[in-house]
Amino acid sequence: MLKNWTFPYTQCKAEQLFLDPGSYELEVWGASGGYYSSYSKRGLGGYSRGILTLRERTEVFVHVGSQGSDSSYGVGTQGCNGGGYATYNVRSGGGATDIRLKVDSLYSRVIVAGGGGGASDNTGDDGGHGGGLNGGDAGNYPPEAGKGGGQSTETTTCADGIKTNCPKGIFGYGGNATNYWAAGGGGGWFGGQHHTMN
């Protein structure tokens with residue numbers, strides 16, 4: 001008989017379990033970024049799926065990302081598991097969801113779904129959606145929303161996908177906002193950038 005485990009977000013710490021030898025289907029969904037209003041939407045979390053084959057009994061750590069803050073000044077309430085901080089009048093990034101083997105470390109992750117970027121206060125400044133492979137760019141131009149987290153490479157551009165003069169997402173963490181009206185990037189294997197600096 002097949003066994004199924006489902007892990008909703010409950011707290012900002014790992015869920016631990018042991019898996020016996022065998023093949024397992026893994027599905028993970030990243031958390032969405034913070035929501036601003038009906039005219040500026042949160043970035044949605046990404047999705048990843050894969051098959052894991054274990055040859056020995058293995059300890060597993062499941063980290064479920066949390067949604068970015070829906071209130072101003074997301075400091076201290078950014079998305080658990082790598083969502084970036086926000087500043088005034090914008091929202092923080094959502095956290096990634098991942099599964100780790102044997103050691104509870106960013107380096108032991110075997111599957112990751114990126115978190116969405118936080119929304120800004122301007123019309124169309126939607127947060128970028130999380131990956132999967134690549135995180136999405138934020139809406140509008142110039143965007144003040146955060147870019148979604150991905151897993152293919154470190155993000156080298158800002159949330160608009162063009163400029164490079166902003167705090168970037170790094171391994172495991174979305175970019176933190178450093179000035180007003182700057183939303184946080186989503187967490188991921190590599191986190192998303194936040195918006196273009198003025």
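Computed values, structure above
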| read-out | value |
| --- | --- |
| Ordering of 40-50, 24-34, 3-13 by burial proxy (mean other Cβ atoms within 10 Å per residue, highest first) | 24-34, 40-50, 3-13 |
| Gain in span if fully extended, Phe18 to Tyr39, counting 0.36 nm per residue against the direct Cα distance | 3.1 nm |
| Listed peptides 102-108, 64-70 by packing density, highest first (mean Cβ within 10 Å) | 64-70, 102-108 |
| Gain upon complete extension [Tyr107, Thr58; 0.36 nm per residue less C-alpha separation] | 16.0 nm |
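Every number here is computed from the coordinates shown, using simple stated rules; none is lab data. These numbers come from a predicted model, not from an experiment. Backbone-built Cβ (ideal geometry, glycine too); neighbour counts: all protein chains shown.
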